[in-house]
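Data first, discussion second: the structure below is written as structure tokens.
The values are calculated or read from the model by the stated rules, or taken from the named source; none is laboratory data. Note that the structure is predicted; figures quoted are calculated from it, not measured. Glycine also receives a Cβ, built like all others from the backbone with ideal geometry; neighbour counts cover every protein chain displayed.
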Amino acid sequence: MNKAFARTMYVSLGHTLHPWYEKASAWVVENRRNLSWLTTAFALIALMWLLSSRGGWMTLLQATIENKLFLLLAILLWPINLGMEAWKWHRLSSNVLVELDAKTPYRSWIDIWKEVLVGQTWALLGPFRLADGAGRISATSDSRLKGAAGAKAFAIGAACQGWITWWWAVLALAIAGKPLAAVILGLGMTMISMWASTFFSLFLGLLCGGRYITFACQYLLMLSAWGVLSPTDWMTEGFPKIAALWCAVGSIPWPAELGVREAAAAWMFDGNLPGVIAATFALWILNRAGPAALGLIWVGRAWQVNKNGRID
């Protein structure tokens, strides 16, 4: 692989798209809160419409846990999922400090966990996803990470996670019996990987892959706990749908959180709608609301109030 060629291609494309990207980014940043709430409201309305066609919100009372062991296993995977995210942030933030100082920095794991958990709180309260990175940068006690260096570390991690997610989609398409789509997406991902390999290390890719596998197992366990999916259908039906769901929702940097995953999941797994919504909300509470609640320990010190008295 010619890394110089791949990088040159990327730079050329970057120069071409830069003006459009700058305008779009500025507009999204300026309207991020309104966009986030609008997307959330639209998703919840979609859920209400789906439920209304199947008996209304009261049907959620029909969703019962049929296998408590699966629920317990999904919960036990939570610290592994969050631990890999903390490990990833430790590596990325340390790397950018090395680039700044040309020496190996020491980063306290207490600081790492504080930054990750505060980021989760910001992402929930935002409720736009990019607030995760802003929360980490605001919570850090290292002044060198307060600006572009911290933003770079977070952006690399988010981009790598999205890159890995789409590679899993290639496998999911193959499992689902769609070889042509898998080949087309695989070729596209190979071209992207020529550029990505100049920025993402093997260790970072393994961490992101591990996080995705952990999450997928959690989701499969939750769906099975609520009787939506049989364990015998995990690979043939569950995994391909989860991969499609998370490519459509999780890896696209749209400023949205609550409701979007649930609406997408209700569309993907429509056989037992109350169970799907209950399982997806439960996973959201576990993986997002749980860490966000822990982040409230520090979030009062992390939020910065500007001169107009507004929270940024």
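The table for this structure:
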| quantity | calculated |
| --- | --- |
| Failed item in (1) within 21 Å of the chain's Cα centre (by Cα); (2) over 25 Å from residue 79 (Cα atoms), with residue 188 passing the rest | (1) |
| Members of the range 257-284 found to be at pLDDT below 70, part of a loop (DSSP other than H, G, I, E, B) and hydrophobic (A, V, I, L, M, F, W, C), listed by number | 258 |
| Verdict on residue 209 being loosely packed, with under 13 Cβ neighbours inside 10 Å and of a type outside the set (A, V, I, L, M, F, W, C) | no |
| Residue in the range 135-145 that is touching a Pro at 6+ places or on another chain (Cβ under 6 Å) and buried (at least 23 other Cβ atoms within 10 Å of the Cβ) present | no |
| When residues of the range 146-164 are limited to those that are of a type in the set (A, V, I, L, M) and crowded, with 21+ Cβ neighbours inside 10 Å, the one farthest from residue 299 (Cα to Cα) | 164 |
